[in-house]
Amino acid sequence: MSDHEGHSNGSGGKSPSTKKSERSSPRKIHFAPLNIPLERRLQTLAVLFHTISIPYCLGLFFLVVAFPPFWPFVIAYLIWVFSFDKCAENGEIQTRRSPFLRRLPFGRLYCDYFPISIHREVELQPTFPNRLREPSGTLERWIGKLFGANTSVVEPANDSDNQTPSPAESTEKNGFEKEIGSDGELGFEIGPRYVFGYHPHGIVSLGAFGAIGTEGAGWETLFPGIPVSLLTLESNFRLPFYREYLLSLGISSVSRRSCDNLLKHNQSICIVVGGAGESLYAEPGRLDLILKKRRGFVRLAMQALPAPDAPPTCLVPILSFGENEVYEQVRGDQSSLLYKIQTMIKKVAGFTLPLLHARGVFNYDWGLMPYRRPITLVVGKPIAVPYVAHPTESEIAVYHGLYVKELQRLWDTYKSDYVKDYTGKGFDNIDLRLVE
């Protein structure tokens, strides 16, 4: 990291008069030198690509529309998207999820920018013990060799699993989609499914995308045999081309129908529990969560019917240290006009628009690129929940309480290791709070 990138790490031993004069004077912009290593330039490019992926994909779509010869293809594509392709809702995300794309160097470069890392407290029992890693297709493996992407399949540790399969077994295990869709019908052992809760939302959940939406932080190495779909707003899958980008990474809709179908297909899911409303609380030096009134994910886990002889569904909290530190935003209190406009947009559109800023592509002080600040995802211990077709509010409250307790434990245990004070307010003023 450049020395200039750490300029906001606090005020050090400066006197109050010095700090006051600094606040009143224009902020000096520090430009990036020309001799930045190529690896860091590529990291910036990877994050920039994801940051502008929506305008980039929409711009590409309208560019195609501008050429009349492509109109038949555009019409066919739109009919297919809005009438036939329901992968973001029907739980069959594995038909679109590309392990090859998830393992491309893009994910590693994206995660190394901050950097993003995963801390695993305990090993989680695989959902698919006989398939510890998603295999890539033949074409993807061939292309992977050209680009250096790792597309190999991790063999099970059990010696009996390492034996050469019979032709029938080879046919049965040829496709990961077939195994998931079987729900145990082909005799595969099925382990627990997981509902991961990601906290906090941050501005745009950059840590969740890097660690769970790609293999840049080594998810399948730390949690083999647990395919997980990061969930996002359903409206994102109405955006041409951008939806293909999300689906190829295994990202699906956060609607209740989608969640139910994914769990039915033995696909674990990751929900950013605080939602768009929590992004209005995201700023360095604060960890305010919307969790008190968020109990739908607990109900979802309890109502998920397990496969025959399979363990129950488990809730697993993920606390992302540093997610709130990569952007700053202009915030207003709940009585301000700005806050009212932002909440109105959220009610109408399902998302909100924080007034964010951080650094730029070629400078360290101003722009819409996130700061290079570490993000560490601490994955907690699983909380097994029983199957209850119609859980009562008191039953939901029990497991919601256990979940909150486990999340608080993660904060108390790891805050001294991963919390960094970028504001100069002191660590005593940084604490986990459930504000709603």
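The values are calculated or read from the model by the stated rules, or taken from the named source; none is laboratory data. Since the structure is predicted, the reported quantities are computational estimates derived from the model, not experimental observations. Cβ placement follows ideal geometry from the backbone for every residue including glycine, while neighbour counts extend to all protein chains displayed. For accessibility, only protein heavy atoms count, side chains too; no ligands or nucleic acids. Shrake-Rupley method; radii C 1.70, N 1.55, O 1.52, S 1.80 Å.
Considering only residues of region 67-97 that are open to solvent by 70 Å² or more (accessible area, probe 1.4 Å) and outside any helix (DSSP H, G or I), which is farthest from R256 (Cα to Cα)?
Checking each candidate, the answer is F67.
Residues are listed down the side, and each one gets a yes or a no for (1) at pLDDT below 95; (2) within 25 Å of the chain's Cα centre (by Cα); (3) under 30 Å from R295 (Cβ atoms):
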{"site": "S160", "(1), (2), (3)": "yes, no, no"}
{"site": "E185", "(1), (2), (3)": "yes, no, no"}
{"site": "P200", "(1), (2), (3)": "no, yes, yes"}
{"site": "I203", "(1), (2), (3)": "yes, yes, yes"}
{"site": "L222", "(1), (2), (3)": "no, yes, yes"}
{"site": "S235", "(1), (2), (3)": "yes, yes, yes"}
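Within the set of pairs 6 or more residues apart or between chains, which connect a residue that is over 18 Å from T127 (Cα atoms) and of a type outside the set (S, T, Y) inside region 248-265 to a residue that is part of a loop (DSSP other than H, G, I, E, B) and open to solvent by 50 Å² or more (accessible area, probe 1.4 Å) with Cβ atoms less than 7 Å apart?
Correct list of pairs: V254/L233.
Can we say T413 is hydroxyl-bearing (S, T, Y) and over 22 Å from K293 (Cα atoms)?
Values: hydroxyl-bearing (S, T, Y): yes; over 22 Å from K293 (Cα atoms): yes.
Considered against the rule, which asks whether it is hydroxyl-bearing (S, T, Y) and over 22 Å from K293 (Cα atoms), T413 comes out as yes.
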